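The structure appears below as structure tokens.
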Amino acid sequence: MVTPRMSAAVLAAAVAVLAMTTAPLQAATRLPGVTPRVETAALHDDEAGGNADADDPAIWRDAADPDRSLVIATAKQGGLRVYDLDAQEVQSLPAPAAPGPDDAPGRFNNVDLLHGLRLGADRADLAVTTDRGSDRLRVYRIDRHRAGGPLTDVTDPKAPAVFSASQGEVNEQRTAYGLATWTDQDSGRAFALVSQRERTRLALLELTAGPDGTVGYAKVRTLDLPSTFRLPNGTSWSPCAEPGELPQVEGMVVDPANGTLYAGQEDVGIWRLRADLTGTPKLIDKVREYGVPGTYDETSEECVAGADPGFGGTHLSADVEGLTLVSEGDDDGRLLASSQGDNTFAAYDREVSDANEYEGGFRVPAAAAPLDGSEECDGAAALNAPLGRRYPHGLLVVQDGHDTPGDPERPSTNFKFVDLRAVTDALDD
């Protein structure tokens, strides 16, 4: 509220922040809308709901029977959920219990797939997830015809912590967070790229199968993205955060055709770099808030933004979250990114030779009551392949951070299933 005592400088800053907030929302409403077909049952992040919170999906295609394909999704402390293409739950797997009464419990953050890893005499498809609670990867074998459920835990029990040196460090929860899997086409070696919560560090892990059919991993190298940035006016800027926190990465995806990693630094933008974590990262797009000064308010536990100097991008509103690829042949296709701050999705040309040019955006609005749209999307997964009679042209699955209608006193999240042809049509128009 503006008062007579408000100084001109404070008023100008307030007006600038208001413009920075409302302009992207107005622009977002002009983007085409693509409504979901179905949604999963709501998950509730409370004791009665098992502290389940929808976060990140992956799509597994059953090559023998595409109608029986699956969506595998994380529910944080609620573990993993497996859904069929009607968005009905097929399996629920709990996260591991805390090792001690004062320790953090398991908390599954992101999930991705590996195809055809040799386990003993067979090859298997795997779902890999970051267990943020224990700072480890968890690995599940996928078998659609298994009587007890399609997923079986095959994690090596000796799998080490990814970033922590002790259980005390694990409990501080600067742990394994974002995830992207990758199979090197030249060597056939399988890898996972993992980001660290509240840090800028990325780790490259090689996954290996043991003689007993379990899967372990070993760290190859790490890379730290910047936390401070030089602005065009010569000043330095860091995104505002709680004391001690650095701008973290969560959404990641690897282009298998060329071994390129795209990593979303939530309050900064999208980086492009080699998936083997060598070479120099390049920032291909920035969030609108890039360069905006901020002060952390201890009372409200929120950042108070200053005037926008105009150095940010025009397509993404912080946080940058789920990243996924829509492949169309070896080089064609798009990179999709969740722009959480304005409830939209941005699309970029997949081709590095075209500098990952921005190609448009879209929204996922409500279809019809009670099927709402996607707000504050954390994770997304696309698969451009025929998935039987329901999705013959592919599927996009997006997380919804505010599932409605529901009990307003209960946090509710879920996943929306969207026809991928409708998305590509909206972007091509």
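The values are calculated or read from the model by the stated rules, or taken from the named source; none is laboratory data. Computed from a predicted structure; not experimentally measured. In this analysis, Cβ positions are derived from the backbone assuming ideal geometry, glycine residues included, and neighbour counts consider all displayed protein chains. Please note that ligands, DNA and RNA were not included when accessible areas were found on the heavy atoms of the full protein model with its side chains. Shrake-Rupley method; radii C 1.70, N 1.55, O 1.52, S 1.80 Å.
Here is a yes/no grid of residues against (1) buried (at least 23 other Cβ atoms within 10 Å of the Cβ); (2) among the small types (G, A, S); (3) more than 26 Å from H315 (Cβ to Cβ):
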{"site": "E172", "(1), (2), (3)": "no, no, yes"}
{"site": "R197", "(1), (2), (3)": "no, no, no"}
{"site": "L202", "(1), (2), (3)": "yes, no, no"}
{"site": "K219", "(1), (2), (3)": "no, no, yes"}
{"site": "Q248", "(1), (2), (3)": "yes, no, no"}
{"site": "A263", "(1), (2), (3)": "yes, yes, no"}
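Does H115 satisfy being assigned to a loop (DSSP other than H, G, I, E, B) and either touching a residue at least 60 places away in the same chain (Cβ under 8 Å) or within 30 Å of P392 (Cα to Cα) (or both)?
On the way: assigned to a loop (DSSP other than H, G, I, E, B): no; either touching a residue at least 60 places away in the same chain (Cβ under 8 Å) or within 30 Å of P392 (Cα to Cα) (or both): yes.
Taking the combined requirement at face value, the residue does not satisfy it.
I'd like the full set of residues that are in contact with a Pro (Cβ under 8 Å, 6 or more places away or on another chain), assigned to a loop (DSSP other than H, G, I, E, B) and either at pLDDT below 95 or of a type outside the set (A, V, I, L, M) (or both), limited to segment 323-377.
Within segment 323-377, A369, P370, D372, G373, S374 qualify.
Only residues that are within 24 Å of P256 (Cα to Cα), in a loop (DSSP other than H, G, I, E, B) and open to solvent by 60 Å² or more (accessible area, probe 1.4 Å): list them for segment 132-170, please.
Matches in segment 132-170: D143 only.
Looking at (1) of a type in the set (A, V, I, L, M); (2) over 27 Å from T280 (Cβ atoms); (3) at pLDDT 95 or above, which one does A147 not meet, given that it meets all the others?
Of everything listed in (1) of a type in the set (A, V, I, L, M); (2) over 27 Å from T280 (Cβ atoms); (3) at pLDDT 95 or above, A147 misses just condition (3).
Which condition number does D103 fail, the rest of (1) under 30 Å from G188 (Cα atoms); (2) of a type in the set (D, E, K, R); (3) touching a Ser or Thr at 6+ places or on another chain (Cβ under 9 Å); (4) surrounded by fewer than 18 Cβ atoms within 10 Å (Cβ to Cβ) being met?
(1)
Working only within segment 154-191, note down all residues that are in contact (Cβ under 8 Å) with a residue 60 or more places away in the chain and closer than 12 Å to L205 by Cα.
A176, L179, A180, T181, W182, T183, A190, F191
Condition check ((1) of a type in the set (K, R); (2) without any contact (Cβ under 8 Å) to a residue 24 or more places away in the chain; (3) within 22 Å of E376 (Cβ to Cβ)) across all residues:
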{"site": "V34", "(1), (2), (3)": "no, no, yes"}
{"site": "V38", "(1), (2), (3)": "no, no, yes"}
{"site": "D62", "(1), (2), (3)": "no, no, no"}
{"site": "D65", "(1), (2), (3)": "no, no, no"}
{"site": "D84", "(1), (2), (3)": "no, yes, no"}
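For segment 273-285, give me each residue that is open to solvent by 40 Å² or more (accessible area, probe 1.4 Å) and in contact with a Ser or Thr (Cβ under 9 Å, 6 or more places away or on another chain).
R274
Name the single residue that is farthest from the chain's Cα centre (by Cα) among those in segment 165-215 being among the polar types (S, T, N, Q) and within 20 Å of T74 (Cβ to Cβ). Before you say what the answer is, go through the steps one by one.
Pass one, segment 165-215, residues among the polar types (S, T, N, Q): 166-167, 171, 173, 175, 181, 183, 185, 187, 195-196, 200, 208, 214.
Filter once more, keeping what is within 20 Å of T74 (Cβ to Cβ): 173, 175, 181, 195-196.
Details: Q173: 18, T175: 16, T181: 13, S195: 11, Q196: 13 Å.
My answer is Q173.
Against the definition (at pLDDT 95 or above and under 21 Å from L193 (Cα atoms)), how does R274 come out, yes or no?
Considered against the rule, which asks whether it is at pLDDT 95 or above and under 21 Å from L193 (Cα atoms), R274 comes out as yes.
In segment 303-314, which residues are part of a loop (DSSP other than H, G, I, E, B), out of contact with any helix residue (DSSP H, G or I) (no Cβ under 9 Å at 6 or more places or on another chain), at negative phi and open to solvent by 40 Å² or more (accessible area, probe 1.4 Å)?
P309, F311
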